[in-house]
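These notes concern the structure reproduced below.
The values are calculated or read from the model by the stated rules, or taken from the named source; none is laboratory data. Just so it is clear, the structure is predicted and the values come from calculations on it, not from any experiment. Methodologically, a virtual Cβ is constructed for each residue, glycine included, from the backbone with ideal geometry; neighbour enumeration extends over all protein chains shown.
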């Protein structure tokens, strides 16, 4: 394992934890610069493929989901560990619910549900891109149920 700081190619494992059924978290220390960093190891059971809107099939890429979540959470009070937890939860659900292929709509809906619970602004940002909002009315239609649920009434 290369150190992300000095690129030295050896480190020692300081601590190991299982954070999910399929994820192992390891704290490592570089043997050269002595800085610590965290790695996550995932057990890959079988390759999951994603069915895109146009019908094409591509390999599942966890980093594409991470990128979308990070963009939605930009400048929001959401930490990297929270993003990782949401990402791991979504990935575990996908592998549990789907055997070989998963439609992009399922992934998008799972991300929306997770972000709605995590941060409402991040949720609206993600939903506006995922659901392809065309104008302000689309935003209002998406936000109104959240406001009603939170007990907010229009003036």
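Structure summary
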quantity	calculated
Odd one out for residue 144 among (1) within 17 Å of residue 50 (Cβ to Cβ); (2) surrounded by fewer than 17 Cβ atoms within 10 Å (Cβ to Cβ)	(1)
Some residue of the range 14-31 being part of a loop (DSSP other than H, G, I, E, B) and modelled with pLDDT of 95 or more	yes
Test result for residue 71, surrounded by fewer than 16 Cβ atoms within 10 Å (Cβ to Cβ) and within 29 Å of residue 22 (Cα to Cα)	yes
Test: residue in the range 66-86 that is closer than 26 Å to residue 132 by Cα, more than 19 Å from the chain's Cα centre (by Cα) and touching a residue at least 40 places away in the same chain (Cβ under 8 Å)	no
